[in-house]
């Protein structure tokens, strides 16, 4: 019995990391339509920020989370102003531009912070393990799960219940008409991009104590994030939540009964098959084109 | 038009004649002039400074350059200075091959020091075999290779496992869980490990491989929990090692009853984990940074004053360092006019050097090194406690898992 519980917890932990990494991408992609290949680099920069704050200023991880969010969001803002906003009508060029930004960011980090693997210390209060219904799980993993769900709820509420969210939904449906009703879509896009980048940075800081921090770490996460977003349906936040839960639990289960190599292959295969028959993803919203 | 074609044919004929290496006379006469030109000896340094394995290869590049600087500061080799030509193969096997070709053909290097992964070594191998040049490979690796154009200064499976496996079985028990990254190195190491375990009457309860670069081990750790092995034999490499150790620690597993035994977790990887994540686990290697010898003290001090006080040395950077000194000893035996890759290879056979790990020797038969394996347990401060060291140096046997094959000076032999 406790193995069933611990397997579910493992799956949830995988899901929470997927959700954290994919949420920012889903927001940016869903609202602005920009395929942000530098998303993994925002994650990486978030991890490096946490590392920097910890080694240079002695900050523990928890208080530095807010600073990391603010810094990476500011960076996202700058990138939107300098590069992305000129490319909204040229989707192919945004792919190239964001990919180029990603490569440059990796090398800048390598040149300034060095190529070595870095570590971020887990907050001491969360470094133990907890018993839940007979199964043991790392307290930190549960904390990450809680933060992921919290962030999702905040994002959901902004999207659903604020006037800003209303404007965002209007823009998503049809940018030209929304603009003609007086919505400042340029400002909305800028905020969205900054918010998505900030969440990615937060994700990086949160996973840094579990994994290693290196200039290339973003590459794997951007793939995972795209998997989640594509499967969940591009403009659906709920879809992102559901698909990260499904992917996390499935990967965990297959990895337990077989191994991680097989799990990765089978999950990708399943996604290819699903996309073949449901190209819009599992939870696509109906919109007027 | 016609003339151009004739010209082209002539050049290609000349080129192909030149690249014929079957005539040692022509080769050594032409090359010896070129190889020790104008009072310096050119060598290639081929470690990735960018890309995924740059993390570790940077330290090998540093150790190699430091050894070259040391030799030059002490007057070079018989008055000849070593000039390093540094190339960055960017962690990509195809680029490795291309840069190796450049170093050998256009820079006319007499030897090349380089590479970390087996994939990159396999990629440059044809270049050195075809051009009869010499490649110096510092990394521990899976064995099962017998090239006359490579000097292997890292450990092969028998050197790391012969002492280690029986010691672990006796100390912890007979239920073993083998976990590795999914490529050739872990599979070959596990082949030999399974052979040893069988001889000891121990049981392999699982053999599992995760993708390279994998960083999510929660399912694996669940399996550790349910299977309760006595020893986890880990050949997980790269940044996956860091993730595995940190997640093992976060899950609350105890190294005292279920230790991880590794052949690749060095000071370098431990430095990348948070503090005591690796504490209590075991590594077998010929060299640890804390090893107490005057040579090692000098090596560590020199390395830190040259590259920074927070840097660590480890068992691959140590080989990268001492192989340059072996190169120097071999070249020192040659007259300036005789210096070429093949004479260096002959001169280095049987050569001994007092390395930081202790005295090492190049085995004339298979060009691997006699090394001094040690077993270390990681401490919370990121350094190792050396628990045992082999009584004598250990012979390299790159075909230890394949008793009917043997690497000799004439090439691979079937017995």
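Count, for each residue of A:206-217, the Cβ atoms from other chains sitting within 10 Å of its Cβ, then give me the mean as a whole number.
On the way: counts 0, 3, 2, 5, 9, 10, 15, 3, 8, 5, 9, 3.
Partner Cβ neighbours, averaged per residue: 6.
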For segment B:159-285, using Cα atoms only, the Rg and Dmax in Å read 13.2, 37
For chain B, the Cα-Cα pair-distance distribution in 20 Å bins from 0, as whole percents, is 27, 55, 17, 2
Volume per residue (Å³) of the convex hull spanned by the alpha carbons of chain A is 138 Å³
The residues B:192, A:257, B:321, sorted from fewest to most surrounding Cβ atoms within 10 Å, come out as A:257, B:192, B:321
Out of A:113, A:200, A:225, a Gaussian network model of chain A with alpha-carbon springs under 10 Å gives the largest mean-square fluctuation to A:113
FRET efficiency (residue A:133, residue B:388; Cβ distance; R0 51 Å; to 0.05) is 0.70
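Within the protein assembly as shown, what percent of beta bridges assigned by DSSP are antiparallel, to the nearest 5?
Working: 26 of 59 bridges.
For the protein assembly as shown, the DSSP antiparallel bridge percentage is about 45.
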Going fewest to most other Cβ atoms within 10 Å around each Cβ, B:146, B:378 line up as B:146, B:378
Note to self: C-alpha centroids of segment B:237-282 and segment A:103-172 sit apart, in Å, by 24 Å
At the level of C-alpha centres, the distance separating segment B:153-199 and segment B:68-88, in angstrom, is 38 Å
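Taking the beta-carbon count within 10 Å as an exposure proxy, list B:40, B:239 from fewest neighbours to most.
Details: B:40 14, B:239 26.
Exposure proxy ranking, most exposed first: B:40, B:239.
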Using alpha carbon centers only, segment A:19-66 is separated from segment B:91-139 by a whole-angstrom value of 39 Å
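Which whole number in µm²/s is D for the protein assembly as shown by Stokes-Einstein, with the Kirkwood Rh taken over Cα pairs at 10 °C and 1.306 mPa s?
Details: Rh = 27.5 Å.
It comes out at roughly 58 µm²/s.
Considering Cα pairs under 8 angstrom that are at least six residues apart, work out the relative contact order of chain B and quote it in whole percent.
Values: 820 pairs, mean separation 70.5, N = 415.
Reported as a whole number, the value is 17 percent.
Bear in mind that the values in this text are calculations on the coordinates, not laboratory data. Note that the structure is a prediction, hence the values are computed from the model and not measured. Because the Cβ atoms are built from the backbone with ideal geometry, glycine has one as well, and the counts that use them run over all protein chains shown.
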